[in-house]
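See structure below.
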Amino acid sequence: MEKKIKTAYVCTQCGSIYPRWQGQCNQCGEWNSLVEERIVDKGRSRKTIVSEKPRRFSEIGAERTSGYVSGLTEFDRVLGGGLLRGSTVLLAGEPGIGKSTLILQAAEAYAKSGLPVLYVTGEESLNQLKKRAERLHVTSDNVAVVNLTNLEEITETIDSEQYGVVIVDSIQTVSSGMFQSPPGTVGQIRESAGRLIELARKHEIALFLIGHVTKEGMVAGPKVLEHMVDVVLNFEGDSQYVYRLLRPIKNRYGSTLELGVFEMSPGGLNQVDNPSLLFLSHTEDGARSGSVVAASCEGNRPILVEIQALVSPASYGTPQRVAGGLDNKRLALLLAILEKRIGIPMGGNDVFVSIAGGLRLNEPAIDLAVLTAIVSSLRDIPVDVKTAVAGEVGLSGEVRAIGMADRRSAEAAKLGFDKIILPAQTVKGITAKHITLAGVSSLEKTLEMLF
Ligand code: TYD
Ligand code: MG
């Protein structure tokens, strides 16, 4: 029976199907929700043959296919130790953040371990890619590059040889000849990714799809891909700073608590074994008021970062509150706690808080460090440079328990800190070597201890 392929327009909101594009879905009333999709009509078969029978867990063998390890440790770590054959990884990030650089370095690492790698570039010419490869010292003959954007040509190329790893940079440039819509549209991206993922499974290839996201969030593309792929890695950082974080957002085979840290240099990305050193400014010149080290955690990786606060009398109008690297609303909340629970009036002061190195932190465990930095600046009394702080502050000024306290303390001890201030509740549960654990139950007690 001949397969009939045609395209239709499907509403991404309610799933209604239309033969032609229209601006509004008649069913659900949503505007601009129709995307072009391929409908495969397999014809009508009389009898359905079920290929698999339901089984009990005890009847299922533990057939875990082995993974590919690149040897680039920060990269392998984020992938949960290695990359499974037949699986697809989406590497997402803002344009210019270094995705192509990272994946080319990973390609070289896989190639060196003996895997044939195919790098499909739709964004850059082969000459541009070669220039980058020279800069990154990518020399392996196991990496083949091709400049293609047509999906059918790409699948044909993948089919023609046995590749271990295939990279498509980027999925937004790929388009199928079967659609009229331009590359980068939701329908094209979904179709292209779907076909490539299918192919990767069939040939047991490890597939990397590179996806661009914009600053405003994930616009058309990576978001629709997230549920199709096995692993989603976010590559992030501030292009004004050198550090880059590789973070798993989803991993069907491993933990999403891992974190890879890299540093962008003229010769490519370097792995950073000790990320805390990137985010601590030099303390040789002694303690400064307004500066406190927070024992933070990104996923399960402890990172010590310096929090800097500057409090000065507001010269005119509404006092300013500016937070760099942390949520503005969180800062407002912490200032309200300081005012209400400790009785320090903040209304006449401008408050600026920033995190050294340009890191963004979302975890509440940095609350106590932010507040101590603010009070330190306000009173112009420095906090000892060998003291680190971690704790969440509740609305009534209580210091609440936090997770990963043992890792935070161990990291602080490793970096030469001799004291760490932690929530009293948390201190009970842990032991630490070479560092004093000081438990505090409230913000008030913390301030009494420090100032
Ligand atoms: P790129 O990998 O092209 O980003 P993406 O693929 O995410 O769009 O890298 C972007 C930036 O990285 C570029 O502005 C230059 C810088 N860079 C370096 O600093 N060192 C290097 O060795 C390379 C290759 C790039
Ligand atoms: Mg690129």
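Quick one: which of LEU257, LEU278, LEU269, LEU333 is under 30 Å from GLU108 (Cα atoms) and part of a helix (DSSP H, G or I)?
Answer to the check: LEU278.
Can you run down the residue pairs with Cβ atoms below 7 Å, 6 or more apart or on separate chains, where the first is in the stretch 356-370 and at positive phi and the partner is in a helix (DSSP H, G or I)?
The qualifying pairs are GLY357/LEU278; GLY357/PHE279.
Can TYR119 be described as among the aromatic types (Phe, Trp, Tyr) and within 16 Å of ligand 1 (Cβ to nearest atom)?
yes
Could you go through the stretch 154-163 and let me know if any residue there is surrounded by 16 or more Cβ atoms within 10 Å (Cβ to Cβ), out of contact with any Ser or Thr (no Cβ under 8 Å at 6 or more places or on another chain) and under 25 Å from GLY254 (Cβ atoms).
Yes, there is a match, as at least one residue in the stretch 154-163 is surrounded by 16 or more Cβ atoms within 10 Å (Cβ to Cβ), out of contact with any Ser or Thr (no Cβ under 8 Å at 6 or more places or on another chain) and under 25 Å from GLY254 (Cβ atoms).
Can you name every residue in the stretch 52-72 that is at pLDDT below 80, assigned to a loop (DSSP other than H, G, I, E, B) and closer than 20 Å to GLU204 by Cα?
Matches in the stretch 52-72: GLY61, ALA62, GLU63, ARG64, THR65, SER66.
Which residue out of LEU91, LEU84 is of a type in the set (A, V, I, L, M) and either within 13 Å of ligand 1 (Cβ to nearest atom) or not assigned by TED's automatic domain parsing to the domain that holds GLN240 (or both)?
LEU91
Quick check on the stretch 63-81. Is at least one of its residues open to solvent by 50 Å² or more (accessible area, probe 1.4 Å) and within 12 Å of ligand 1 (Cβ to nearest atom)?
No.
Considering only the stretch 94-116, state which residues are more than 19 Å from LYS250 (Cβ to Cβ), open to solvent by 30 Å² or more (accessible area, probe 1.4 Å) and within 8 Å of ligand 1 (Cβ to nearest atom).
PRO95, GLY96
Would you check if there is a residue in the stretch 73-94 being assigned to a helix (DSSP H, G or I) and among the β-branched types (Val, Ile, Thr)?
Checked the stretch 73-94: at least one residue is assigned to a helix (DSSP H, G or I) and among the β-branched types (Val, Ile, Thr).
Any chance you could count how many residues in the stretch 200-246 are at positive phi, open to solvent by less than 70 Å² (accessible area, probe 1.4 Å) and modelled with pLDDT of 85 or more?
Within the stretch 200-246, residues that are at positive phi, open to solvent by less than 70 Å² (accessible area, probe 1.4 Å) and modelled with pLDDT of 85 or more number 1.
Would you say LEU331 is over 21 Å from the mean Cα position of the chain (by Cα) and open to solvent by less than 40 Å² (accessible area, probe 1.4 Å)?
Criteria met by LEU331.
Can you confirm whether LEU151 is within 15 Å of LYS99 (Cβ to Cβ) and either modelled with pLDDT of 95 or more or crowded, with 16+ Cβ neighbours inside 10 Å (or both)?
no
Does the stretch 172-183 include one or more residues that are open to solvent by 60 Å² or more (accessible area, probe 1.4 Å), over 13 Å from ALA92 (Cα atoms), modelled with pLDDT of 85 or more and not in a loop (DSSP other than H, G, I, E, B)?
Among the residues of the stretch 172-183, not one is open to solvent by 60 Å² or more (accessible area, probe 1.4 Å), over 13 Å from ALA92 (Cα atoms), modelled with pLDDT of 85 or more and not in a loop (DSSP other than H, G, I, E, B), which makes the answer no.
Quick one: would you say VAL138 is away from ligand 2 (no atom under 13 Å from the Cβ), out of contact with any helix residue (DSSP H, G or I) (no Cβ under 9 Å at 6 or more places or on another chain) and open to solvent by less than 50 Å² (accessible area, probe 1.4 Å)?
Answer is no for this residue.
With the requirement that a residue be within 16 Å of the chain's Cα centre (by Cα) and at negative phi, what does the stretch 273-301 give you?
PRO275, CYS297, GLU298, ASN300, ARG301
Across the stretch 150-169, what is the number of residues that are without any contact (Cβ under 8 Å) to a residue 60 or more places away in the chain and within 16 Å of ligand 1 (Cβ to nearest atom)?
1
I'd like the full set of residues that are within 22 Å of ILE189 (Cβ to Cβ), more than 12 Å from ligand 2 (Cβ to nearest atom) and out of contact with any Phe, Trp or Tyr (no Cβ under 9 Å at 6 or more places or on another chain), limited to the stretch 77-131.
Within the stretch 77-131, GLY86, VAL120 qualify.
The values are calculated or read from the model by the stated rules, or taken from the named source; none is laboratory data. All of these numbers come straight from a predicted model, not from anything done at the bench. Glycine also receives a Cβ, built like all others from the backbone with ideal geometry; neighbour counts cover every protein chain displayed. When the accessible area is computed, the model is the full protein with side chains, heavy atoms only, and any ligands, DNA or RNA have been set aside. Shrake-Rupley method; radii C 1.70, N 1.55, O 1.52, S 1.80 Å.
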